[in-house]
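The values are calculated or read from the model by the stated rules, or taken from the named source; none is laboratory data. Predicted, not measured: the structure shown is a model, and the values here were computed from it. Note: ideal-geometry Cβ built from the backbone for every residue, glycine included; neighbour counts use all protein chains shown.
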Amino acid sequence: MELWLKVLIGGIMGLVAGGVLGHFGKCSSGACPLTANPFRGAIVGAFIGVLIVLAWSERRPAENTKDNVPHIATVAEFDEKVLKSPRPVLVDFYSEGCSPCRRLAPTISKLKDEYEGKANVFKVNVREVAELVNRYGIGGVPTVMLFNKDEILKWIGPKDESTYRKAIEEALSKQERNTQ
């Protein structure tokens, strides 16, 4: 459901609830609460209804942000695509509701495009593959890990693009030295 529709419904529900409470909450003393008449109760109720809807609404990334990074959904898929890969592999462990994860997503996407054919880049939703969370001791998201044969680098929290790029370049040059 669109956010504007949720806000409208929340406002109308708050308006009705506040109006009803204001009607029954009339007072005869001089010190009446703000919602002690139907009109004020409806206004306050509509405002509170809109605030509740905005607070509980799902926040999604903008529709125009591209997510071209392949997602890994199972432990078997992870073992095959990451641990058995001959190339260095950057893995972004993320969660849907994590705003730092959403801010990091364009960086991960850019690295995927930049290192296409040289290194692999994947994303793993920690809620879908909890066994990997336990296996690698992931305590917070985003956690980004670089797998290169038996070597694992781990960053907790979003880092700047140059940090990841430098690590991938080092892994690629180490791989190149080993093949010569």
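Looking only at segment 155-170, residues that are closer than 21 Å to Pro86 by Cβ and under 23 Å from the mean Cα position of the chain (by Cα) come to 2 in all. When segment 143-163 is filtered for residues that are acidic (Asp, Glu), in a loop (DSSP other than H, G, I, E, B) and modelled with pLDDT of 90 or more, only Asp160 remains.
Within segment 119-133, residues that are over 20 Å from Pro86 (Cβ atoms) and in the same structural domain as Val144 (by TED's automatic domain parsing) reach partners that are surrounded by fewer than 20 Cβ atoms within 10 Å (Cβ to Cβ) and of a type in the set (Gly, Ala, Ser) with beta carbons closer than 7 Å, at six or more positions or on different chains, in the pairs Asn125/Ser95; Val126/Ser95; Arg127/Ser95; Glu128/Ala73; Val129/Ala73. Kindly check whether there is at least one residue in segment 101-120 that is modelled with pLDDT of 95 or more, under 14 Å from His71 (Cα atoms) and outside any helix (DSSP H, G or I). Yes, some residue in segment 101-120 is modelled with pLDDT of 95 or more, under 14 Å from His71 (Cα atoms) and outside any helix (DSSP H, G or I).
All conditions but one from (1) among the aliphatic types (A, V, I, L, M); (2) assigned to a helix (DSSP H, G or I); (3) under 30 Å from Glu2 (Cβ atoms) apply to Val69; the one that does not is (2). Scanning segment 4-31 for residues that are exposed (fewer than 14 other Cβ atoms within 10 Å of the Cβ) and either part of a loop (DSSP other than H, G, I, E, B) or modelled with pLDDT under 75 (or both) yields Phe24, Lys26, Cys27, Ser28, Ser29, Gly30, Ala31. The residues of segment 42-72 that are closer than 27 Å to Leu132 by Cα, surrounded by 12 or more Cβ atoms within 10 Å (Cβ to Cβ) and either at pLDDT 70 or above or touching a Leu at 6+ places or on another chain (Cβ under 9 Å) (or both), listed by number, are Asp67, Val69, Pro70, His71, Ile72. Do you know which residues across segment 147-180 are surrounded by 14 or more Cβ atoms within 10 Å (Cβ to Cβ) and of a type in the set (Asp, Glu)? Matches in segment 147-180: Glu161, Glu169, Glu170. Tell me which residues, restricted to segment 117-145, are over 17 Å from Gly97 (Cα atoms) and surrounded by 18 or more Cβ atoms within 10 Å (Cβ to Cβ). Ala119, Asn120, Val121, Phe122, Leu132, Met145, listed by residue number.
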